[in-house]
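The values are calculated or read from the model by the stated rules, or taken from the named source; none is laboratory data. Note that the coordinates shown come from a computational prediction; the quantities given were computed from them, not determined experimentally. Note that we place each Cβ from the backbone using ideal geometry, even for glycine, and neighbour counts take in every protein chain shown. Accessible surface areas use protein heavy atoms only, side chains included; no ligands, DNA or RNA. Shrake-Rupley method; radii C 1.70, N 1.55, O 1.52, S 1.80 Å.
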Amino acid sequence: MERENIRMKVAWICLVVVGVGILLFGVIAVAAPSSADERLMRADGMAATGMGLFGVLIALVPFRRRERWAWLVLWFYPAFWIVHLVGRLPPGKDHVHQVVFIALSIAGLLLPVREFFTRSDDQEDEEQGAA
């Protein structure tokens, strides 16, 4: 892998932090459910664990390889947290973590946007040769 620039490094770290936060919430919800309906909380925890794990893996591998599909898929994070904030959904009652996760995920996606949408010289040469 080529040497990462600072924007790309900050971006994937932001996205990994969001994924780890979701992953940890999921593990805690499974291990120690805090609502009256333990089965529902554990099911939500399993879903969050999977979402966090997939997000971390996507940020660490294809996102760092600058695969455009990974950048597009990770827009699920800010959408997810915005819906939770606007709908006043759990986890938590203070919603500060939701604002932090929204900011981190949007920063993580916007900082390297040129990395995903600029054409390399090799791609342009191939397309010109095919025409």
Whole-Å distance, taken between Cα centres, linking the stretch 93-109 and the stretch 1-75: 13
Segment residue 34-residue 94, extension gain: residue separation times 0.36 nm, minus the distance between their alpha carbons: 20.0 nm
Selection of trypsin sites (Lys or Arg not before Pro), the stretch 1-89, meeting DSSP coil and at most 10 other Cβ within 10 Å: 3, 65, 88
Relative contact order (%) - the stretch 1-110, alpha-carbon pairs under 8 angstrom, separation at least six: 32
Calculated FRET efficiency for the pair residue 5/residue 86, C-beta based, R₀ 30 Å, to 0.05: 0.35
Cα gyration tensor shape of the stretch 1-101, rounded if a/c is under 1.5, else prolate or oblate by comparing a/b with b/c: prolate
Ranking by accessible area, most exposed first, for 13, 58, 28 with a 1.4 Å probe: 28, 13, 58
